[in-house]
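The values are calculated or read from the model by the stated rules, or taken from the named source; none is laboratory data. Keep in mind that this is a model prediction, so the values were computed, not measured. Quick reminder, even Gly has a Cβ in these numbers, built from the backbone with ideal geometry, and neighbours come from all protein chains shown.
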Amino acid sequence: MSYEKLPLEEFYKTIDELKPKFIERLQKAIAIPSVSSDETLRPKVVEMAHFLVDELTTLGFQDIQLKDLGIQPPPVADANLKLPPIVLARFGQDPKKKNVLVYGHYDVQPALKEDGWATEPFTMFHDKENDILFGRGSTDDKGPVMGWLNVVEAHNKLGWELPVNLVCCFEGMEESGSLGLDELVAKEAQQYFKGVDQVTISDNYWLGTTKPVLTYGLRGCNYYQIIVEGPGADLHSGIFGGIIAEPMTDLVKLMSTLVDNKGKILIDGVSDMVAPLTEKEDQLYDAIDFSVEELNAAAGSKTSLHDNKKDILKHRWRFPSLSLHGIEGAFSGAGAKTVIPAKVVGKFSIRTVPNIVSNTLDKLVIDHVTKEFAKLDSVNKFKVELIHDGAYWVSDPFNESFTAASKATQDVWNVVPDFTREGGSIPITLTFEKELGVDVLLLPMGRGDDGAHSINEKLDVPNYINGCKTLGGYLHYYAKA
Ligand SMILES: [Zn+2]
């Protein structure tokens, strides 16, 4: 892919020069254990918000606001527990420039040394031999958040203007369901976020470990349960086996009608809703750096349903899947208990993709299970229902922002990025797209093996530093698009 390069060498060089300072900034951020799910650490989450305010102030950001989100709804131990604030800030308000909103989160997952960390999780460890920064939040999401600040610092040092007006939205509850974010975004859509042209989120990862990616799609998830209820209490099979209708028998039969063991969804009408694969989309899969071996390594087995890269990726990203998750109320311990469970609840979900219509899917699922239950001619009570749903997201990987991000990536990494989707969900993506009515770009910094939610979370120094260059370069290319 050829493109007209912008003269950004000075900027990229400045990022390199500031490397020690940027590593120190990340180290300070990691040192604050801003674990949003731990109520006792809530003051640390708030401290992290204030750390950001101090950094933003020093760098010359304007209109810095801490948005109060009120009291955290139950379940909480402390009924008066306050949600951490959302940090808003701007850099520049030039009406001639485009406005880019950047989102990140400053809270982190819990981490204890005893969980198996090689080093203290909240004391950044720089492994100089391999040039890796270890610490909770290094890649998720303090590295990327510091990345945006670093971009501004490099511009300040050069005496350059930012090519766009930057609007920052940093939240402190992402790892705990983003409580309060949807309301805040809706409320500020025509206030603080008025005039935003584009939203960039840096809070996901490369697919692998060597090739940068830009992410243009996420699957949604509709989660259902089937409830089958019979006897008034759990019974003993020695007394009641063979003479009463057992709920578990009905449920297992019902669940077996949902999907076959090759992953094919057996509910009529679901596959008809899936968007046809275009040739242009099909070609995107050719270049992607991925292999069956990588899947086997990630799964810890050789149990792939597909024997080639393209089929694996398509089934992870652009086709729906149905998974059976569990049965509540069933005997699940070790041993040989002879119980007949009185009430069992089967849980399953469908990962959704374009153009599945969520409530049409619900109807197809409910009609299917209801019809299958009728076939059983059972005397048990039955119900099937949706527990929750979250929509899929897909963007145009050939639009202005993806094209700009691709050019910046090529400047920095010397390679055309892979255009990827993800099999899971990032709900905030949809929130921003829906409330602001603009395109969203997912521009990841870290690698696929960073261990965002596990022990020994890390960010490779090249990813951090080149990530800063890519974020900044992206703003320049987008400004010119
Ligand atoms: Zn994250």
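What about Val228, is it of a type in the set (A, V, I, L, M), touching an Asp or Glu at 6+ places or on another chain (Cβ under 6 Å) and in contact (Cβ under 8 Å) with a residue 40 or more places away in the chain? Can you show your working first?
Details: of a type in the set (A, V, I, L, M): yes; touching an Asp or Glu at 6+ places or on another chain (Cβ under 6 Å): yes; in contact (Cβ under 8 Å) with a residue 40 or more places away in the chain: yes.
Considered against the rule, which asks whether it is of a type in the set (A, V, I, L, M), touching an Asp or Glu at 6+ places or on another chain (Cβ under 6 Å) and in contact (Cβ under 8 Å) with a residue 40 or more places away in the chain, Val228 comes out as yes.
Please enumerate the residues belonging to the range 149-190 that are part of a loop (DSSP other than H, G, I, E, B), within 16 Å of the ligand (Cβ to nearest atom) and under 22 Å from Val438 (Cβ atoms).
Of everything in the range 149-190, just one residue is part of a loop (DSSP other than H, G, I, E, B), within 16 Å of the ligand (Cβ to nearest atom) and under 22 Å from Val438 (Cβ atoms), namely Ser178.
Look through the range 196-212, keep the residues that are part of a loop (DSSP other than H, G, I, E, B) and away from the ligand (no atom under 15 Å from the Cβ), and return whichever of them is surrounded by the fewest Cβ atoms within 10 Å (Cβ to Cβ). If you could, list the steps in order and put the result at the bottom.
Step one: list which residues in the range 196-212 are part of a loop (DSSP other than H, G, I, E, B), which gives 196-197, 202-204, 206-212.
Add one more test, that the residue is away from the ligand (no atom under 15 Å from the Cβ), and what stays is 196-197, 207-212.
Values: Val196: 21, Asp197: 18, Leu207: 23, Gly208: 18, Thr209: 15, Thr210: 11, Lys211: 20, Pro212: 27.
The qualifying residue surrounded by the fewest Cβ atoms within 10 Å (Cβ to Cβ) is Thr210.
Which condition does Gln190 not pass, out of (1) without any contact (Cβ under 8 Å) to a residue 40 or more places away in the chain; (2) under 30 Å from Lys337 (Cα atoms); (3) loosely packed, with under 14 Cβ neighbours inside 10 Å, if it passes all the others?
Condition not satisfied by Gln190: (2).
Of the numbered conditions (1) touching a Pro at 6+ places or on another chain (Cβ under 6 Å); (2) more than 30 Å from Leu218 (Cα to Cα), Ile350 fails exactly one; give the number of that condition.
For Ile350, the exception is condition (2).
List the pairs whose first member sits in the range 452-481 and is under 21 Å from Ala154 (Cβ atoms), whose second member is of a type in the set (Ser, Thr, Tyr) and not in a helix (DSSP H, G or I), and whose Cβ atoms are under 7 Å apart, counting only residues at least 6 apart or on separate chains?
Leu471/Ser202
Criterion first (closer than 23 Å to Val438 by Cα, within 16 Å of the ligand (Cβ to nearest atom) and not small (Gly, Ala, Ser)) does Phe193 satisfy it?
No.
Quick check on my filter: what residues within the range 216-225 are assigned to a strand (DSSP E or B) and either touching an Asp or Glu at 6+ places or on another chain (Cβ under 6 Å) or over 14 Å from Val440 (Cα atoms) (or both)?
Hits for the range 216-225 are Leu218, Gly220, Cys221, Asn222, Tyr223, Tyr224, Gln225.
So, in the range 120-142, how many residues would count as being buried (at least 20 other Cβ atoms within 10 Å of the Cβ), assigned to a loop (DSSP other than H, G, I, E, B) and either within 14 Å of the ligand (Cβ to nearest atom) or of a type in the set (Asp, Glu) (or both)?
Looking only at that region, the number is 2.
How many of the residues making up the range 429-481 are over 18 Å from Val412 (Cα atoms), within 16 Å of the ligand (Cβ to nearest atom) and assigned to a loop (DSSP other than H, G, I, E, B)?
Final tally of qualifying residues: 8.
Find all pairs meeting these conditions: Cβ atoms under 6 angstrom apart; at least six residues apart or on different chains; first residue within the range 26-46 and assigned by TED's automatic domain parsing to the domain that holds Arg136; second residue modelled with pLDDT of 95 or more and among the β-branched types (Val, Ile, Thr).
Matching pairs, first to second residue: Ser34/Val45; Ser34/Val108; Val35/Val108; Ser36/Val45; Leu41/Val35; Lys44/Ile32.
Could you check the range 303-318 and list, in sequence order, the residues that are crowded, with 18+ Cβ neighbours inside 10 Å and either at positive phi or hydrophobic (A, V, I, L, M, F, W, C) (or both)?
Across the range 303-318, the qualifying residues are Ile312, Leu313, Trp317.
Any residue in the range 293-302 that is at pLDDT below 95 and in contact with a helix residue (DSSP H, G or I) (Cβ under 8 Å, 6 or more places away or on another chain)?
The answer is yes; a qualifying residue exists.
Between a residue in the range 205-217 that is in contact (Cβ under 8 Å) with a residue 60 or more places away in the chain and any residue that is in a strand (DSSP E or B) and aromatic (Phe, Trp, Tyr), which pairs come within a Cβ distance under 7 Å, given they are 6 or more apart or on different chains?
Every condition considered, the pairs that remain are Leu214/Phe419; Tyr216/Phe419; Gly217/Trp393.
I'm checking my understanding of the structure. Among residues of the range 414-428 that are within 16 Å of the ligand (Cβ to nearest atom) and not in a loop (DSSP other than H, G, I, E, B), which one is nearest to Lys314 (Cα to Cα)?
Glu422
Right, Val145: touching a residue at least 60 places away in the same chain (Cβ under 8 Å), away from the ligand (no atom under 16 Å from the Cβ) and buried (at least 24 other Cβ atoms within 10 Å of the Cβ) or not?
no
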